[in-house]
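The values are calculated or read from the model by the stated rules, or taken from the named source; none is laboratory data. Model, not experiment: these values are computed from the prediction. Virtual Cβ from ideal backbone geometry, glycine too; neighbours counted across all protein chains shown.
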Amino acid sequence: MTNLLDLHHVSKTYTRGLINAKATVALQEISLTLKQEDPTILTVAGESGSGKTTLAMLLLGFITPTTGQIIYRGKDITALQGEERMAFRREVQAVFQDPFAVFNPFYTVDHLLSVPIKRFKLATNAKAARAKMDEALTAVGLRPEDVLGRYPHQLSGGQRQRINVARALLLKPRLLIADEPVSMVDASLRASILETLRNLQRDHGVSIIYITHDLTTAYHIANAIIVLYRGGVMEAGDVDQVIKSPQHPYTRLLVDSIPWPALDRRWGTDMIKAREAGSSSVGCPFRSRCPMAMEQCKTQPPLYKINKTQAAACYLHAGHPEIAAERLTELLPVRTQIEA
């Protein structure tokens, strides 16, 4: 069976200037696969500037890769035209970070939901369109009578974000790109939105790429995780394994930044301490900050397979077997059912 999504050595480089052009590598040699028959939730984690949003823009077809290919259901997305491109637009949906910027303040919620119905001809009449809107809103935990007919300023941030999820659900997507979907809503609403996303995967068979800097939410929602730093993969594998037993110095730094609930236990003291960032244009992207950096880190480390479900790009694990980038997905566990 054709895979849902294949990324083959995808890189994105931005250049600025004409005479003395400078290049910035936003994403470097990313390869992964999502299977159609095994819907999953994959987290892509990292700090600001790690390449997470660049990856989202590439997957949505908003920008094109500098090198490599993005294959959706057997077709290169840069070559899609006509009906195939319309199908891609319908089947690959997004939920973005800011629930306020998505809405036009001059239109009601009905307009946001009715536009995709008309655009993709999902209903033959107004009654059928209303039924589809009611169904989508109910699926994300909203009562249609509470939100339809209202303007954006009359809704909370959590309601707006769930409406964004409902809009995506209307189109019955196969893949959902969720780019920091809970970072701008109250903590009390995050669990509700994450549960909504989890239900989409479990009940509707939607694969989700969940992009975040927050390892806490990643741990609760995802099956597998890829950790990025300056566009490169630092570590990947089972989310439980990676967060509980991180093997790359950068991942350890991220995990150590999570505050502990015990007031007498300070965070930032148990793991490594990063050095001040320096200039490092070659080799391991984390080399200039890593307190464990070695001479050989001046060359890009390969991915080393630590165990069956975990790999890290660090010479500290040079004794382990190397794994090619295109085989990375073999380490990412897939569970079609996520425990509530």
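Yes/no per residue for (1) surrounded by 12 or more Cβ atoms within 10 Å (Cβ to Cβ); (2) out of contact with any Lys or Arg (no Cβ under 9 Å at 6 or more places or on another chain); (3) over 22 Å from Ala324 (Cα atoms):
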| position | (1), (2), (3) |
| --- | --- |
| Thr2 | no, no, no |
| His9 | yes, yes, no |
| Leu32 | yes, yes, no |
| Val44 | yes, no, no |
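Residues of the stretch 173-191 that are buried (at least 16 other Cβ atoms within 10 Å of the Cβ), of a type outside the set (A, V, I, L, M) and either over 18 Å from the mean Cα position of the chain (by Cα) or assigned to a helix (DSSP H, G or I) (or both): Arg190 alone.
Just so you know, in the stretch 87-134 the residues that are closer than 20 Å to Arg160 by Cα and of a type in the set (D, E, K, R) include one that is farthest from the chain's Cα centre (by Cα), and it is Arg130.
All of (1) farther than 22 Å from Ala168 by Cα; (2) among the polar types (S, T, N, Q); (3) not in a loop (DSSP other than H, G, I, E, B) hold for Asn20 with one exception: (3).
On the basis of being surrounded by fewer than 22 Cβ atoms within 10 Å (Cβ to Cβ), closer than 20 Å to Leu42 by Cβ and among the polar types (S, T, N, Q), does Thr212 make the cut? Taking the combined requirement at face value, the residue does not satisfy it.
Quick one: which of Gln69, Gln28 is surrounded by fewer than 17 Cβ atoms within 10 Å (Cβ to Cβ) and touching a Ser or Thr at 6+ places or on another chain (Cβ under 9 Å)?
Gln69
Note on the stretch 307-319: residues that are outside any strand (DSSP E or B) and surrounded by 16 or more Cβ atoms within 10 Å (Cβ to Cβ) total 6.
One residue is enough: does the stretch 250-264 have a residue meeting the conditions part of a loop (DSSP other than H, G, I, E, B) and either at pLDDT 90 or above or among the aromatic types (Phe, Trp, Tyr) (or both)? Yes, there is a match, as at least one residue in the stretch 250-264 is part of a loop (DSSP other than H, G, I, E, B) and either at pLDDT 90 or above or among the aromatic types (Phe, Trp, Tyr) (or both). Against the numbered list (1) within 18 Å of the chain's Cα centre (by Cα); (2) at pLDDT below 90; (3) closer than 30 Å to Ala313 by Cβ, Glu37 comes up short only at (1). Screening Glu37 against (1) closer than 23 Å to Leu194 by Cα; (2) of a type outside the set (Lys, Arg); (3) surrounded by 14 or more Cβ atoms within 10 Å (Cβ to Cβ) leaves a single unmet condition, (3).
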